[in-house]
Structures are given as C-alpha cells and as structure tokens.
1. Limited to region 68-80, what total is found for residues that are loosely packed, with under 10 Cβ neighbours inside 10 Å and part of a helix (DSSP H, G or I)?
2. Sort out which residues of region 54-67 are farther than 17 Å from P18 by Cβ and surrounded by fewer than 18 Cβ atoms within 10 Å (Cβ to Cβ), and write them in order of number.
3. Considering each of V62, V46 in turn, give the residue that is part of a helix (DSSP H, G or I), modelled with pLDDT of 95 or more and within 17 Å of the chain's Cα centre (by Cα).
4. Taking only pairs six or more apart or across chains, which ones have beta-carbon atoms under 9 Å, a first residue in region 89-117 that is surrounded by 10 or more Cβ atoms within 10 Å (Cβ to Cβ), and a second residue that is among the aliphatic types (A, V, I, L, M)?
5. Could you say whether any residue in region 30-37 is modelled with pLDDT under 95, of a type in the set (D, E) and out of contact with any Cys (no Cβ under 9 Å at 6 or more places or on another chain)?
6. For L83, are the conditions met, namely being touching a residue at least 12 places away in the same chain (Cβ under 8 Å) and loosely packed, with under 14 Cβ neighbours inside 10 Å?
7. Got a sec? Which of N6, N2, N90 is at pLDDT 95 or above, out of contact with any helix residue (DSSP H, G or I) (no Cβ under 9 Å at 6 or more places or on another chain) and polar (S, T, N, Q)?
Amino acid sequence: MNTMENKKPYKKRPKQYPEEIRQEAIDLFYSCLSEYKTRRKASEHVAELLGIGGPETVQKWVRQAEVDDGVRVGTTTDENEELRRLRRENAELKRANGILKAASAFFAAELDRPQNK
C-alpha cells in the first residue's frame, strides 16, 4: 500500500495572514480568554473560529502583541523588521566589499606588470 494513500489531504494555508486577521485573532483571544481555563484552549477556539492553521499560530501572534505592547519581554516587531533590514544591508555590503577587493587585487597586479613600450 502506498504511503501517500494513507495521508490525509490538507488545506494549504497562506504563509502569511493579513494583518486584519491577526488583529482580529488577538482581539478575539482576549475577549474569550475568561471563558476558558487555559490560554491554549482560548487559542484553539480562536483558531477554529477563524480557520487559522492552529492554536500555535494564535499563541504566537498574542505573544508578539504582548511584546509590542510592553507586557512581555522580547524583541518587538519593529526591532525584528530593523534587524532583517540591517542583515540584508550587511550581506549586500559584504558582497560589494568582496567585489571591490577582487577589483583592487586585479588592478594592483596590472600595476606590477612591466610595461612594454
């Protein structure tokens, strides 16, 4: 029997949800938190209501919102975006630096060659 036949078909979820969905999930989480014994149960409820991948996704969004609001310690969304930007810029500068080093080595070698007249 083929192992592919045993696997359940799944609905492909978007890699990134729109900001409106994230905010709605966070708001819903806090509004129904008192109805559930644990944060996990509240997250499961919200994920099911909104058709989000799973409770882990909702919990991640809530934790990040708490960091952004200063309730929880961590790196804020703005800081994460700045870090990503700086890492991209750093990689770009390293690449440019490598090109410049290669070019300077090439021109230095050209200057060292005897000139034929």
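1. Total satisfying the criteria: 1.
2. G54, E56, R63, E66, V67
3. V62
4. From region 89-117, no pairs qualify.
5. Checking region 30-37: not a single residue is modelled with pLDDT under 95, of a type in the set (D, E) and out of contact with any Cys (no Cβ under 9 Å at 6 or more places or on another chain).
6. When the stated conditions are applied, L83 does not pass them.
7. N90
The values are calculated or read from the model by the stated rules, or taken from the named source; none is laboratory data. Note that this is a predicted model, so its numbers are computed, not measured. Positions of Cβ are backbone-derived with ideal geometry, glycine not excepted, and every protein chain shown enters the neighbour counts.
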